[in-house]
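No lab work stands behind these numbers, since they all come straight from the coordinates. Please read all numbers here as calculations on a predicted model, not as lab measurements. Using ideal geometry, Cβ is built from the backbone for each residue, glycine included, and neighbour counts are taken over all protein chains shown.
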Amino acid sequence: MLPALIVKRNGIQASRYLIGNQMQIDELGRQTYGIMWVGSHTIFCRAALGAQVEILAAEVSRYLTELWPVLTATGFSLQSWKPVDIGAVGVLEEEKQGFVVPVTFGWAYEHTWMVEHEARKLRQVSLKDYIL
């Protein structure tokens, strides 16, 4: 059996940190909104020997930890990127000859957007010209 990595996405939760998701208003009166998405991925490291899978799990964890500066430099809005858990060595149920170690990485991503109205808000509407 060749060593392998299998990636599984875990649950993702939306986390509000402001009332109505409102963040700020700029000098032109445009409202900025934001929400935080929090989730994780589990990388299953698979190999034929227990020692192989331990080394593979350590390398995956180290590589993903060291990837943090690269991800933030490329413009991703990641607020957090960290190893959450490196599980114990387990035996694959489907294949009695293989071992697996789960490595879970947690992350938090800030999504922001702006709503810009096409016209300014009316201060007053005169209906006297429209009433018959």
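Worth pointing out:
- In this simple spin-label approximation, residue 14 and residue 112 carry label points 7 Å from Cα along the Cα→Cβ vector, and these lie 1.9 nm apart.
- Stretching residue 59 away from residue 86 to a fully extended chain increases their span by 8.6 nm, per 0.36 nm per residue minus the current alpha-carbon distance.
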